[in-house]
Amino acid sequence: MVKTVDEVEGITWYQDKSAPKYINENGIYAYFGIQNDSVSGLYLKIQYAGQDWLFIKNYVFNIDGMKFEIDPGLMGAESDMSTDLNNPGVWEYHDELLDSKQIEKLQQIIASQKTIMRLEGNQRNKDVVLSAEQKSSLKRTLDAYIAAGGEI
């Protein structure tokens with residue numbers, strides 16, 4: 001696990017070492033925080049980076065044939081764009097505190113044979129098959145969250 005301390009808020013954040021280090025990288029990962037010996041809850045972050053805008057309005061998961069959706073809300077995913085002329089691109093992302101039903105779905109993703117995540121956008125869709133490493137990363141973070149006293 002990678003540990004990051006927010007000295008202003010007094011919270012220590014934990015995420016798997018394989019999680020993207022920057023917002024302009026593709027990925028899906030979980031993380032949690034501890035403040036005053038209390039676990040903050042489990043968060044899920046989904047990141048898209050590419051050359052074309054998707055304008056993501058929904059995330060649809062096919063978990064071994066079962067469908068599950070995460071709605072990023074009325075405004076859709078957060079978005080930004082690079083001003084680096086040598087590496088132009090756009091990125092869109094969603095960050096959400098998971099409730100117990102969503103943690104159950106996360107456990108199903110971890111245990112799945114195949115999970116396809118569709119980034120459903122206004123312009124186009126992008127399908128991503130979650131890798132074994134991504135599922136292992138989610139499992140390591142969930143295990144650490146539970147070991148720290150997090151509730152599922």
Starting from the 7 Å offset along Cα-to-Cβ, what nm value, one decimal, do you get for the label separation of ASN125 and ASP95?
2.8 nm
Anisotropy class of region 1-66 from Cα gyration tensor, a/c 1.5 cut
prolate
Work out the charge dipole of the chain with +1 on the Cβ of Lys and Arg and -1 on the Cβ of Asp and Glu about the Cα centre, then indicate which of LEU98, TYR59, LEU42 is farthest towards its positive end.
TYR59
Here are some pairs, LYS3/LYS45; LYS57/LYS114; LYS114/LYS139; which of them have Cα atoms lying more than 19 Å apart in this structure?
LYS57/LYS114
Just in region 111-152: which GluC sites (Glu not before Pro) are loop by DSSP and have at most 13 other Cβ atoms within 10 Å?
GLU151
Neighbour-limited loop hits for chymotrypsin sites (Phe, Trp or Tyr not before Pro), region 2-45 (at most 10 other Cβ within 10 Å; DSSP other than H, G, I, E, B):
TYR22
Mean residue ellipticity at 222 nm from the helices of the chain, using -39,500 (n - 2.57) per DSSP H segment of n ≥ 4 over the full residue count, to the nearest 500 deg cm²/dmol?
-6000 deg cm²/dmol
Using alpha-carbon positions, the gyration tensor of the chain gives root eigenvalues a ≥ b ≥ c; with a/c under 1.5 called rounded, otherwise prolate if a/b exceeds b/c, else oblate, the class is oblate
For the pair ASN58 and THR12, how long in nm is the line joining their label points, each one 7 Å along Cα→Cβ?
4.1 nm
Which FRET efficiency value, to the nearest 0.05, is calculated for ASN36 and MET1 with the Förster distance at 22 angstrom and r the Cβ-Cβ distance?
0.70
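Quick note: the coordinates plus some simple rules give every number you see, no bench work behind them. Note that the coordinates shown come from a computational prediction; the quantities given were computed from them, not determined experimentally. Note that we place each Cβ from the backbone using ideal geometry, even for glycine, and neighbour counts take in every protein chain shown.
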